[in-house]
Amino acid sequence: MTDVVLETHNLTKQFIRRKGLSSPRNPFGKTVFTAVKGIDLTVGRGEVFGLLGPNGAGKTTLTKMLCTLLLPSAGSAKVCGYDLARQQGKVKSKIALISSEERSFYWRLTGRQNLDFFAALHGISKQITRQRIEEVLEIVDMTEAAGRRFQEYSTGMKQRMGLARGLLADPEIFFMDEPTKGLDPIATWHLHDFIRNRLAEAGKTVIVATHHLAEAEQICDRVGIMYAGEMRASGPVKELIGDSTLSDFFRDLVEQTMVERAGN
Amino acid sequence: MAFLKKDFLMEVSYRFSFVLQFASIFFSVVMFYFVAKLLGEAPSVQKSLSEYGGNYFSFVLIGIAFSNFLSVGLGSFSTNIRSEQMIGTLEAMLVTPTTLSNIVLSSSQWSFAFTSLRVGVYLLIGGFFFGVSFTGAAVLPALLALVLTVVAFSSLGIISASFIMIFKRGDPIAFAITTSSTLLGGVYYPISILPGWLQSLSYLFPITYSLHAIRLSLLQGGGFSEVGGDLLALVIFSCITLPISLVCFRLAVARAKRDGSLAHY
């Protein structure tokens, strides 16, 4: 890999849960839950990397750490050469987080007003904001609908506005958390096409956290399979699965992990 | 400016509520006008208010108008953070290069701007409809007192937002200060009618100095020499509480990022 844009070493996230009044005998006691454990990951420029795993595997926690929304408990990471813990401002200028969360917009504002607000948060100068907004609206085919309130959009349109917002600052890395959740097959196809043919071809790196194996097989250059906070396998899809299917490979891996854990 | 514009657009998108807020100001002023008519002629009231010209209506008008800044300063930071958490926009903002401190401070711009507008409306209604005179008002000392008031109240508000960041609900700071300030700060009555020990206690709250300075400036034309002591008290208060509030907020954010509870509500 010649041009590495994302690199993690032993990245770990532990949550400390205080027992409180739910445990009257020991209200000040704590339990430690390891959500992400010792992740070593390298992703190159222009790659589409899939983070696969069942619900609760740690995909979202890892994504949030890489987006600076969570502080790692241990380990280190570099995003576009910037240290995740010490240079968060620089890291944030290089990334976009696109989640399936519709609530991350102001529903009473129009699509264009939403983009105008987030463009300002990205530090895009007023002179070029309007032009940039029209560019990204055109890319996601939302120019005509941009004057309508966000609350009037369909799920697919809301997702496209999420993409438009992600594109505003022209980031190097797109983090997508369950990007096709709630989308119909046509909207899903459009999004996959967008990731492969617009983003990856433009040299953008895309990290997709998903539990849709078919989606990962279709759009990812490489995948990392997470289970119980650990990266159990990673590599190019074809190399990983051989003659099998990703679905079978994934099931075997999960079963093998469960057997190992039961043995321990 | 982006926050101001966004919040303005959000506010006016609820047109009925927007208009209703101004209507409520009018009715509140009318109510106090009649209370003032009832009490205003009493010699004891005029004696207690002699420092401010003896008119209860103008006294209470300034009190209720400017105590709005107390509510906004104390509540807007925590309310706005909580609102962004609940709407779901906080994380989307936090992945932009804008810092959280900047987001928190900017998110209250509209609250302060709108409160200034509301205070202006209070004074206009009092002046135009109920004969309160501001002709001899010393505007500069009043403005300086207002700026210091905003800074002092905001410091407390940022500490309050730190609590919200960690505990999500049930902020003791805002509750304690709002209740004590309304009771002791001279919003509805002069502190001179309080027992001695409560009067001493009232000097611990910035609203006491704010209202004293603003009333003297606007109603009696009090210049810097008359309100200098109040302004100095507000400066000292801000110098102590502002750094403390910023440290508290930084610690609260670091804790929330560690716990993963930044966007929880």
TODO: Determine whether the range A:253-260 contains at least one residue that is within 23 Å of A:P179 (Cβ to Cβ) and touching a helix residue (DSSP H, G or I) at 6+ places or on another chain (Cβ under 8 Å).
DONE: no
Open item on the list: Looking only at the range A:133-153, count every residue that is surrounded by 15 or more Cβ atoms within 10 Å (Cβ to Cβ) and within 20 Å of B:L9 (Cα to Cα) and tell me the total.
Closed with: 6
Task: Hits in the range A:68-83 (condition: out of contact with any Asp or Glu (no Cβ under 6 Å at 6 or more places or on another chain) and farther than 19 Å from A:K37 by Cβ) - done: A:T68, A:V79, A:G81, A:Y82, A:D83
Open item on the list: Just checking, does the range B:23-42 include any residue being away from chain A (no Cβ under 14 Å) and of a type in the set (D, E, K, R)?
Closed with: yes
Open item on the list: Given the criterion surrounded by 15 or more Cβ atoms within 10 Å (Cβ to Cβ) and touching a Gly at 6+ places or on another chain (Cβ under 7 Å), identify the matching residue among B:F57, B:F32.
Closed with: B:F57
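Okay, residues lined up against (1) at pLDDT below 90; (2) away from chain A (no Cβ under 14 Å); (3) closer than 30 Å to A:P72 by Cβ; (4) out of contact with any Leu (no Cβ under 9 Å at 6 or more places or on another chain):
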site: B:I177; (1), (2), (3), (4): yes, yes, no, no
site: B:A213; (1), (2), (3), (4): no, yes, no, no
site: B:G223; (1), (2), (3), (4): yes, yes, no, no
site: B:T241; (1), (2), (3), (4): no, yes, no, no
site: B:A263; (1), (2), (3), (4): yes, no, yes, no
Open item on the list: Show me the helices (runs of 4 or more DSSP H) found entirely inside the range B:1-94 where at least 1 residues are farther than 30 Å from B:I164 by Cα.
Closed with: B:15-39, B:43-48, B:56-87
- [ ] From (1) more than 27 Å from B:D230 (Cα to Cα); (2) within 14 Å of another protein chain (Cβ to nearest Cβ); (3) in contact (Cβ under 8 Å) with a residue 24 or more places away in the chain, pick out the condition that doesn't hold for B:E84.
- [x] (3)
TODO: Being under 30 Å from A:S125 (Cα atoms) and either more than 21 Å from the chain's Cα centre (by Cα) or among the aromatic types (F, W, Y) (or both) is the filter here, so list the residues in the range B:2-59 that pass it.
DONE: B:A2, B:F3, B:K5, B:K6, B:F8, B:L9, B:M10, B:V12, B:S13, B:Y14
Open item on the list: Could you go through the range A:182-191 and let me know if any residue there is of a type in the set (S, T, Y) and surrounded by fewer than 23 Cβ atoms within 10 Å (Cβ to Cβ).
Closed with: yes
Open item on the list: Which of the strands (runs of 3 or more DSSP E) found entirely inside the range A:192-264 contain at least 1 residues meeting this: more than 21 Å from A:L163 (Cα to Cα)?
Closed with: A:222-227, A:230-236
Open item on the list: Checking B:A213 against (1) out of contact with any Asp or Glu (no Cβ under 8 Å at 6 or more places or on another chain); (2) within 16 Å of B:G53 (Cα to Cα): exactly one of these is not met. Which one?
Closed with: (1)
Open item on the list: Can you tell me how many residues within the range A:149-182 are touching a strand residue (DSSP E or B) at 6+ places or on another chain (Cβ under 6 Å) and free of Cβ contacts under 8 Å to residues at least 60 places away in the same chain?
Closed with: 1
- [ ] Looking only at the range A:36-43, decide whether some residue is more than 21 Å from B:A254 (Cα to Cα), surrounded by 17 or more Cβ atoms within 10 Å (Cβ to Cβ) and within 15 Å of the chain's Cα centre (by Cα).
- [x] yes
Open item on the list: Criterion first (under 20 Å from B:R258 (Cα atoms), among the hydrophobic types (A, V, I, L, M, F, W, C) and either more than 12 Å from chain B (Cβ to nearest Cβ) or assigned to a loop (DSSP other than H, G, I, E, B) (or both)) does A:L70 satisfy it?
Closed with: yes
Open item on the list: Just to verify a result, which residue in the range A:83-98, among those that are within 16 Å of A:F118 (Cα to Cα) and in contact with a Lys or Arg (Cβ under 9 Å, 6 or more places away or on another chain), is nearest to the other protein chains (Cβ to nearest Cβ)?
Closed with: A:L97
Open item on the list: For the range B:105-132, give me the residue count where each residue is more than 28 Å from B:F3 (Cβ to Cβ) and either free of Cβ contacts under 8 Å to residues at least 12 places away in the same chain or of a type in the set (K, R) (or both).
Closed with: 3
Task: Any chance B:I207 is in a helix (DSSP H, G or I) and surrounded by fewer than 23 Cβ atoms within 10 Å (Cβ to Cβ) - done: no
TODO: Among the candidates B:A161, B:A145, B:A137, B:A152, single out the residue that is touching a Pro at 6+ places or on another chain (Cβ under 8 Å), of a type in the set (A, V, I, L, M) and touching a residue at least 60 places away in the same chain (Cβ under 8 Å).
DONE: B:A152
- [ ] Inspect all residues belonging to the range B:171-180 and state whether any of them is assigned to a helix (DSSP H, G or I), under 17 Å from B:L246 (Cβ atoms) and out of contact with any strand residue (DSSP E or B) (no Cβ under 9 Å at 6 or more places or on another chain).
- [x] yes
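The values are calculated or read from the model by the stated rules, or taken from the named source; none is laboratory data. What you see is a predicted model, and the numbers here were worked out from it, not measured in a lab. A quick note on method: Cβ atoms are made from the backbone with ideal geometry, for glycine too, and the neighbour counts reach across all protein chains shown.
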